[in-house]
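**Q** First the structure, then my questions, so here it is.
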Ligand code: PHE
């Protein structure tokens, strides 16, 4: 028995891990373990022998069991110690700021435009990006045969089988929101509608998806002079300079009469775009007095009401304001570009706090 005790206690003390301990437990006190087999032999002993051997074997079994338990606890303490040594954390270290995302220049410009027009009494309206042929064209006085349809490079949705109506389109401008807003609210009305629009076009200043903000003001005494004043106020506030020069060019849109396109003076010298100086002009918006047929399509009586409307290219004015020479970069999702041109999420544009810093 002393041999058994010495053998197992030494082996238990040397066990490297829990698996080795378990193996020793089975060998010693498991069902067919050495100590258990010895206990079975008790039956064959004389009563005197049994009286000393029985308690001794029981004591040996207890001793081995408690050595096993003790070693098991020691092993798990050691494992925990080892883990704690590698997983330490210095709670006195100063916090490290995580890299923050930035606000995209287009989102920033949209917020700025919204803040300016909100100050002029315009509220924000929205419409769907996939719209019906009627809202995008017919209601805006662009009937089926009109050449403006071809000029727009429209993306058409797939036609639903068995449906003979013209297919829906990816809206080519934000002007359909004029109709939806007039339908929903009637006159008088003053709204802007920022959002995505789509045309099949791609070069330094055109991308197939871009952003516009529509403006619409309808009342009983609206004139072209109101339009011009509003746009000048807007451009001055947006570019945060007094010296922006605008050029109103007589133009044509089916949904306005008369119509004017507005260009802004700029320079592209050395590949950088600067606003307010130079000999170049960049077209930034189309505008005009709302065509009577368009008022009618929106459910408003053109004998009582008139209005002005405009559509500004948000990406265009963001390029100008922030000196971004290529429109396509806006949509490349290049992280270095976004970090360079993006805005802090805490820099919320307001007229009192400053539009951009
Ligand atoms: N919808 C026109 C465009 O996308 C812009 C515009 C809007 C012109 C409103 C006049 C009035 O080119």
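**Q** Given a Förster distance of 35 Å, report the FRET efficiency between residue 145 and residue 206 from their Cβ-Cβ distance, rounded to the nearest 0.05. Spell out each step's value before the answer.
**A** Numbers: r = 26 Å, r/R0 = 0.73.
That pair, residue 145 with residue 206, gives E of 0.85.
**Q** Another question, if that's okay. By per-residue mean of other Cβ atoms within 10 Å, what is the highest-first order of 334-340, 174-180?
**A** Taking the mean over residues of other Cβ atoms within 10 Å, the ranking is 174-180, 334-340.
**Q** Now for a different question. Give the distance, in whole Å, between the Cα centre of segment 215-253 and the Cα centre of segment 316-350.
**A** What the calculation gives is 25 Å, centre to centre.
**Q** What's the exposure ranking of 133, 326, 62, going from fewest to most Cβ atoms within 10 Å? Don't skip to the answer; put the middle values down first.
**A** On the way: 133 19, 326 14, 62 11.
Taking fewest neighbouring Cβ atoms as first place, the list is 62, 326, 133.
**Q** Still on this model: GNM, the chain, Cα, under 10 Å: largest mean-square fluctuation among 306, 204, 108?
**A** In the Gaussian network model the winner is 204.
**Q** Pairs of alpha-carbon atoms within less than 8 angstrom and 6+ residues apart define the contacts here; what relative contact order does segment 2-86 have, in percent? Let's see the in-between values first.
**A** Working: 50 pairs, mean separation 28.2, N = 85.
Relative CO of segment 2-86 lands at 33 percent.
**Q** Right, another one. Return a whole-number percent for the relative contact order of segment 166-215, with Cα pairs under 8 Å and 6 or more residues apart as the contact set.
**A** 40 percent
**Q** Which whole-angstrom value gives the distance between the alpha carbon centres of segment 296-315 and segment 74-135?
**A** If we compute the Cα centre of each part, the gap is 38 Å.
**Q** Which value in nm describes the separation of the simple spin-label points at residue 158 and residue 242, placed 7 Å from the Cα toward the beta carbon?
**A** Going by the 7 Å Cα→Cβ label model, 5.9 nm.
**Q** As a test, work out the antiparallel percent of DSSP beta bridges whose residues both lie in segment 104-344, rounded to the nearest 5.
**A** On the way: 45 of 47 bridges.
Counting DSSP beta bridges with both partners in segment 104-344, the antiparallel share is about 95 percent.
**Q** Using Cβ counts within 10 Å as a stand-in for footprinting exposure, how do 331, 238 rank, fewest first?
**A** Numbers: 331 14, 238 24.
Ranked by crowding around the Cβ, least crowded first: 331, 238.
**Q** With everything on Cα atoms, drop me the angle between helix 176-185 and the longest principal axis of the chain, reported from 0 to 90° to the nearest 10.
**A** 90 degrees
**Q** Which of 304, 235, 275 moves most in a GNM of the chain, Cα contacts under 10 Å?
**A** Maximum fluctuation in the GNM of the chain, among the listed residues, is at 304.
**Q** Which of 161, 48 has the fewest other C-beta atoms within 10 Å, and how do the rest follow up to the most?
**A** 161, 48
**Q** Work out how much length residue 87 to residue 301 would gain on full extension: take 0.36 nm times their residue separation and subtract the Cα-Cα distance, in nm to one decimal.
**A** Values: separation 214, 0.36 × 214 = 77.04 nm, distance 7.48 nm.
Length gained, residue 87 through residue 301: 69.6 nm.
**Q** If you don't mind, there's one more thing I want to ask. Angle between the Cα long axis of helix 47-86 and the longest principal axis of the chain, 0 to 90 degrees, nearest 10?
**A** 30 degrees
**Q** Let me check against my output: what whole-number percent is the relative contact order of segment 78-187, with C-alpha pairs under 8 Å and at least 6 apart? It would help to have the intermediate numbers written out before the result.
**A** Values: 69 pairs, mean separation 27.7, N = 110.
Taking the mean separation of contacting Cα pairs over the length of segment 78-187, I get 25 percent.
We did not get these values from a lab; they are worked out from the coordinates using the rules stated. Model, not experiment: these values are computed from the prediction. All Cβ positions, glycine included, derive from the backbone under ideal geometry; neighbour counts span all protein chains shown.
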